[in-house]
Structures are given as C-alpha cells and as structure tokens.
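Below: the structure, in structure tokens.
The values are calculated or read from the model by the stated rules, or taken from the named source; none is laboratory data. Since this is a predicted model, take the numbers as computed values, not measurements. FYI the Cβ positions are ideal-geometry reconstructions off the backbone, even for glycines, and counts take in every protein chain you see. We work out accessible area using only protein heavy atoms, side chains counted, and drop any ligands, DNA or RNA first. Shrake-Rupley method; radii C 1.70, N 1.55, O 1.52, S 1.80 Å.
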Amino acid sequence: MIQSQTLLKVVDNSGAKLVRCIKVKNKSGKSYANVGDVVLVSVRSLRPRYSKRVRQKMNKSEVHHGVIVQTRKVYRTRGGLGCSFGCNSVALISSQKKPLGTRISATLPSRLRGLKWGKLAAMAKKII
C-alpha cells in the first residue's frame, strides 16, 4: 500500500533513482495505491550520467506520473498464492500513459498485464 509521502525506487532507465509519492490518482476516496495504480511523483535523486554526451531526460524536483509495479505488502493471486517484493517500486510514465524509459530492470507481477500495462510487462526482465 502506497500513500502520500512514500519514497519509491524507480526501476526503469528514465534517469531518476528515487521519487516521492505526492498523490494517488484515479482512486475515488481511497488514499492508498496498490500494484497497477497511477500515482503522481516528484524526483528526489537522479542516476549518475556516465558520459557528457548523454542527455538527461529529467531534473531533480520535477513532477511525473508513475505506475506502482512492486509493493512490500502481500497481495493474493487468483490461485491463492501470496506475492510480495523487497521494496516499493515505480515505473515512470508520461501523461499519455506511455513509458518514459526503454528498459525495466526488475521482476514484475503478471497482474500488470491484465491491468492495461502490457507495454511495461513486455519491457520487463522477468515476470512472475
């Protein structure tokens, strides 16, 4: 469960390293988000650039949209198995719901594919 002021790890190569959740979007009256929900985040720290020729896609304290892809809270699958991850993670998206990064370096739950995030699932390293 992700709520406002939660620190989240970024799992794509968009340039951000750590973000803070500002608001949970599209949840009527709920103040927390689960896997697959859209949140509004602000960038807290950036990944280091390895070359001067590489253009940064974002700056510190910018506001972006993100999709929750991993949570530490255990959630149940349809088969009755519980699934949880080691940290709370997010993948950054644009306002048109397209990914900002081109690669995702984490394991994603298969539940994302059924929640209209098939593009993120296709970029992931592994799906469980």
Which whole-number percent gives the relative contact order of the chain, counting Cα pairs below 8 Å spaced six or more residues apart?
-> 24
Helix-only CD estimate at 222 nm, as mean residue ellipticity for the chain, using -39500 (n - 2.57) per DSSP H run (n ≥ 4) | -1500 deg cm²/dmol
Average accessible surface area per residue within the chain, 1.4 Å rolling probe, Å² = 62
Share of accessible surface on carbon and sulfur in the chain, whole %, 1.4 Å probe and ligands ignored, is 49
Take every DSSP beta bridge with both residues inside the chain and express the antiparallel ones as a percent of the total, to the nearest 5.
-> 85
Cross-link list Lys9/Lys98; Lys30/Lys116; Lys57/Lys126; Lys30/Lys57: which exceed 23 angstrom alpha carbon to alpha carbon?
-> Lys57/Lys126; Lys30/Lys57
Counting only residues 5 or more places away or on other chains, whose amide H sits under 5 Å from the amide H of Ala33 once H atoms are built in the peptide plane?
-> Ile2, Gln3
Kirkwood Rh for the chain from C-alpha pairs, in Å, is 14.8
When the dipole is taken about the Cα centre of the chain, and only Lys, Arg (+1) and Asp, Glu (-1) are charged at their Cβ, what size is it in debye, to the nearest 20?
-> 280
GNM result for the chain, Cα springs below 10 Å: residue of Gly66, Gly82, Gly101 fluctuating most strongly | Gly82
Who wins for biggest fluctuation among Arg111, Arg44, Arg76 in a Gaussian network model of the chain, springs between alpha carbons below 10 Å?
-> Arg76
Can you tell which of Pro48, Pro99, Pro109 shows the greatest fluctuation in a Gaussian network model of the chain with Cα springs below 10 Å?
-> Pro48
